[in-house]
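The values are calculated or read from the model by the stated rules, or taken from the named source; none is laboratory data. This one's a predicted model, so the numbers in the text were calculated from it and none came from an experiment. Glycine gets a Cβ as well: all are built from the backbone with ideal geometry, and neighbour counts include every protein chain shown.
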Amino acid sequence: MGFNSTSVAKAAMDAMNIGSAAFEKYFNEDHHKEGSKHVQARYNHSKDHRIPLNDIARSEFANGVALLSNTVPNTFWLLYQLYLDPKLLKNAAGKYRPCWSLAKTQKANQQIPSTC
């Protein structure tokens with residue numbers, strides 16, 4: 001077809017370059033060591049398999065975009081369906097209300113029971 005992906009998706013490629021550069025700086029300055037265990041595990045796994053830092057940064061940025069672009073609409077539709085059906089909302093709230101109350105009263109280092 002003769003399409004050049006960089007000219008067709010220039011804005012997306014520019015965003016990837018900016019985002020991956022930010023993640024590369026984040027990793028170079030060891031900020032991931034203060035971040036979530038999930039990010040640390042992905043970073044360590046990639047380094048153990050000799051994946052270049054630029055590729056790790058690009059992957060982290062792409063994963064973040066993918067997570068947000070899927071989570072936000074899914075959350076919208078979940079809430080939409082819950083509030084569309086009062087019986088369903090009442091049922092869901094009844095099941096999770098004990099967990100909400102418990103989470104407010106528990107200290108941060110204690111585990112919430114598995115029944116929640």
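For the reader, a short list of remarks on this structure follows.
- Among the residues making up the range 53-78, those that are surrounded by fewer than 14 Cβ atoms within 10 Å (Cβ to Cβ) and among the polar types (S, T, N, Q) are 54, 63, 69, 70, 71, 74, 75.
- Condition broken by residue 21, with the remaining ones in (1) in a helix (DSSP H, G or I); (2) exposed (fewer than 13 other Cβ atoms within 10 Å of the Cβ) satisfied: (2)
- Cβ-Cβ under 8 Å pairs, at least 6 apart or on other chains, the range 1-16 side exposed (fewer than 11 other Cβ atoms within 10 Å of the Cβ), far side modelled with pLDDT of 70 or more and not in a loop (DSSP other than H, G, I, E, B): 5/13; 6/13
- Sub-7 Å Cβ pairs linking a first residue in the range 56-82 that is more than 19 Å from residue 44 (Cβ to Cβ) to a second residue that is modelled with pLDDT under 90, at least 6 apart or interchain, are 82/92, ordered by first then second residue.
- Selection of the range 49-77 for residues being farther than 16 Å from residue 19 by Cα and assigned to a helix (DSSP H, G or I) yields 70, 71, 72, 73, 74, 75, 76, 77.
- Subset tally (residues that are in a loop (DSSP other than H, G, I, E, B) and surrounded by 10 or more Cβ atoms within 10 Å (Cβ to Cβ)) for the range 31-48: 1
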